[in-house]
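What follows is one structure encoded as structure tokens, with my remarks underneath.
The values are calculated or read from the model by the stated rules, or taken from the named source; none is laboratory data. Keep in mind the model is a prediction, meaning the values are calculated, not measured. In this analysis, Cβ positions are derived from the backbone assuming ideal geometry, glycine residues included, and neighbour counts consider all displayed protein chains.
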Amino acid sequence: MDFKENALLCAEATEKRLADLLNKASGGATKLNDAIGYSLLGGGKRLRAYLVQEFCELCGRTGIEAIDYACALEMIHAFSLIHDDLPSMDNDDMRRGKPSNHKAFGEATAILAGDSLALDAFGVVCLTPYCSSNQNEQAVIALSTAAGSVGMCAGQQYDLDGEGKRLSIEELTRLVDLKTGALFSCACLLGCIAASASEAQKQAAKRFGLLTGRAFQIADDLLDIHSTPEVLGKTVGKDIESEKSTFASLLGEDGAKALALEYISEAKKSLDDFADSESKERLTEFCDFILTRKK
């Protein structure tokens, strides 16, 4: 089975489990539940969920043992997108080919939907039947670190602070490592935790996630320039409009592409800590996919 086939299976398994989890928690306010489901289900590539499950397999277990960790990470990701689109943040009216959550449900409900997803994710981690309490404790720490004030949220603040400014490559790399790379790195780490991997494997996995996260962001920056809303499913040209520094604006498009290739080459080398397997081959294909994706 190649990367695309397995990624699709992981996405389907994640979607089904997320729907089950949402149904179990459906006793609350109807509008809020509708807003949560609107952003959580039926969209997205589920690449972070794929990485969780693939790294679990890479370390000798089955992806199902990491499914709840994958779902929790997707919940955190969905929360970040809801809040990222708000008028006080990036002010985007479209996400995944449909109106952003705050356009569909109003700003107040959108904020509550994001808050709920962020908090409920940790309950999913703690209650999973597939991993031990010790593993779940490690997963909570990994997830909160990656998502919170020293991870993704810090990256969003750096992003806001950088609007209208010309950042250095070092400053931009720090921003991307936090806003994008932190969740990619966490995804790989969560898969390792679910598989009781060694410390060396966990560090290699985190590095893989960080490097592929950088390359993913460069690809995103280039798509923002050249793609269309119909293909990408969201507003394009926002980086130029808000005068954000990107690798493309600082290095030129050719320079940004060359840097992405360098990051991907390093990411592939970080897989040397793992035994040869179909999972390892698929993760190598995943690296190549990042450079060629169209949306």
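Structural remarks
- Exactly one residue out of Ser185, Ser198, Ser144, Ser133 is farther than 26 Å from Leu21 by Cβ, among the small types (Gly, Ala, Ser) and modelled with pLDDT of 95 or more, and it is Ser198.
- Flag if Gln135 is touching a residue at least 60 places away in the same chain (Cβ under 8 Å) and polar (S, T, N, Q): yes
- Cross-chain or 6+ apart pairs with Cβ under 7 Å, region 147-162 first and farther than 15 Å from Leu81 by Cα, then buried (at least 18 other Cβ atoms within 10 Å of the Cβ) and at pLDDT below 95: Gly162/Lys244; Gly162/Ser245
- Only a single item in (1) part of a loop (DSSP other than H, G, I, E, B); (2) modelled with pLDDT of 95 or more; (3) loosely packed, with under 15 Cβ neighbours inside 10 Å is not met by Ala108, and it is number (1).
- Residue, nearest to the chain's Cα centre (by Cα), within region 78-100, restricted to residues that are surrounded by 21 or more Cβ atoms within 10 Å (Cβ to Cβ) and more than 21 Å from Gly148 (Cβ to Cβ): Arg95
- Residue match in region 31-52 (condition: in a helix (DSSP H, G or I), touching an Asp or Glu at 6+ places or on another chain (Cβ under 7 Å), free of Cβ contacts under 8 Å to residues at least 60 places away in the same chain and among the charged types (D, E, K, R)): no
- Qualifying residue in region 73-91 (condition: small (Gly, Ala, Ser) and in contact with a Pro (Cβ under 9 Å, 6 or more places away or on another chain)): no
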